[in-house]
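The block underneath contains the structure these notes are about, expressed in structure tokens.
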Amino acid sequence: MDTMGLNDFVISSARPLPVFILVDASGSMQGTKMDMVNNSLKEMVAALSNIEGAKGQIEICLLKISKTVEVIQTLDKVTNIVLPELEATGRTPIGESVSKVVDMIENKSIVPDRAYTPVIILISDGIPTDITREMYEKRPLGKEDYLQWQPFQRLHNSSRGKKCMRMALGIGEDADYELLKAFINKKNVPVIKAAEVTTIAKFFEWVTISVSQRTISTNPNQFDDIPFEDLFPDDAMVK
């Protein structure tokens, strides 16, 4: 009688496709902005839970950026997830959140070797509150300044972090678009600017389409062509 060994199970089970979502939940996000993010997150999770023919098992991790950086949803299969409501309060330690994500991505007990290249999504409506004193005194800061910031250097230089697919949403005129451009650091991928709250939903639709396309493609590690032209007007794309 044939028996299935551990190696057979590992080979046949779907490879994880991790998605890390960093959400600015500082005080300035109170009201319709936070409500739209909460609703859009739930719609995204529902859509990603119903993909047919997926080669990768989508997993979601949600980090709240507020008084501290809190992992409020540990990395888990998207079909297992019921997201809590995010409440807006506190500050915006974006650097801390990026460092925490790099730690998780480089930790093979969280993201195993067999996982597909992760996705990291950053959503913010303001400036980071944990920059160095030198950076604070130099403001306004440009993309090149942020690329020298230690958390972003870690992201872009770490062996696994530098390969990640990165997407970013700025909400309103006060978002730090130079920081968000430095976070993505790819000329062909725009930062999305939500001048109106309806664009927040469009952004999450874009994330859903991009992750869906990856997980059903022949090679989910290939993601150079992220579709966006048909979803956003020119003034919503910051390059």
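The values are calculated or read from the model by the stated rules, or taken from the named source; none is laboratory data. This is a predicted model, so every value here is computed, not measured. When we count neighbours, we look across all protein chains shown, and the Cβ atoms used for this are built from the backbone with ideal geometry, even at glycine.
Here's the yes/no breakdown for (1) in contact with a helix residue (DSSP H, G or I) (Cβ under 6 Å, 6 or more places away or on another chain); (2) of a type in the set (A, V, I, L, M, F, W, C):
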position: Gly53; (1), (2): yes, no
position: Gly56; (1), (2): yes, no
position: Ile60; (1), (2): yes, yes
position: Leu63; (1), (2): yes, yes
position: Glu70; (1), (2): no, no
position: Asn80; (1), (2): no, no
position: Leu83; (1), (2): yes, yes
position: Glu87; (1), (2): no, no
**Q.** Breaking point among (1) modelled with pLDDT of 95 or more; (2) more than 14 Å from the chain's Cα centre (by Cα); (3) of a type in the set (S, T, N, Q), for Thr3
**A.** (1)
**Q.** Subset of region 89-120 (residues that are without any contact (Cβ under 8 Å) to a residue 60 or more places away in the chain, surrounded by fewer than 17 Cβ atoms within 10 Å (Cβ to Cβ) and out of contact with any helix residue (DSSP H, G or I) (no Cβ under 8 Å at 6 or more places or on another chain))
**A.** Asp103, Asn107, Lys108, Ser109, Asp113
Q. So Thr68 fits all but one of (1) without any contact (Cβ under 8 Å) to a residue 24 or more places away in the chain; (2) surrounded by fewer than 14 Cβ atoms within 10 Å (Cβ to Cβ); what number is the exception?
A. (1)
Q. Could you count how many residues in region 18-67 are over 13 Å from Ile121 (Cα atoms), in contact with a Lys or Arg (Cβ under 8 Å, 6 or more places away or on another chain) and not small (Gly, Ala, Ser)?
A. 5
Q) Can you pull out the residues in region 179-197 that are surrounded by 17 or more Cβ atoms within 10 Å (Cβ to Cβ) and either free of Cβ contacts under 8 Å to residues at least 40 places away in the same chain or in a strand (DSSP E or B) (or both)? A) Ala182, Ile184, Val189, Val191, Ile192, Lys193, Ala194
Q: Mind listing just one residue for me: the one in region 140-153 that is in a loop (DSSP other than H, G, I, E, B) and out of contact with any Leu (no Cβ under 8 Å at 6 or more places or on another chain) and, of those, surrounded by the fewest Cβ atoms within 10 Å (Cβ to Cβ)?
A: Pro140
Q: Kindly establish whether Gln222 is part of a loop (DSSP other than H, G, I, E, B), within 30 Å of Ser49 (Cβ to Cβ) and of a type in the set (S, T, N, Q).
A: yes
Q: Can you confirm whether region 154-174 contains a residue that is modelled with pLDDT of 95 or more, surrounded by 21 or more Cβ atoms within 10 Å (Cβ to Cβ) and over 16 Å from the mean Cα position of the chain (by Cα)?
A: no
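Working only within region 116-131, note down all residues that are under 30 Å from Pro220 (Cα atoms), of a type in the set (Gly, Ala, Ser) and either part of a loop (DSSP other than H, G, I, E, B) or at pLDDT below 95 (or both).
Step one: filter region 116-131 for residues under 30 Å from Pro220 (Cα atoms), giving 116-124.
Narrowing further to those that are of a type in the set (Gly, Ala, Ser): 124.
The answer is none; no residue qualifies.
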Q: Provide a single number: the residues in region 20-46 that are buried (at least 21 other Cβ atoms within 10 Å of the Cβ), β-branched (Val, Ile, Thr) and touching a residue at least 40 places away in the same chain (Cβ under 8 Å).
A: 3
Q | Qualifying residue in region 132-139 (condition: touching a residue at least 12 places away in the same chain (Cβ under 8 Å) and not in a loop (DSSP other than H, G, I, E, B)) | A | yes
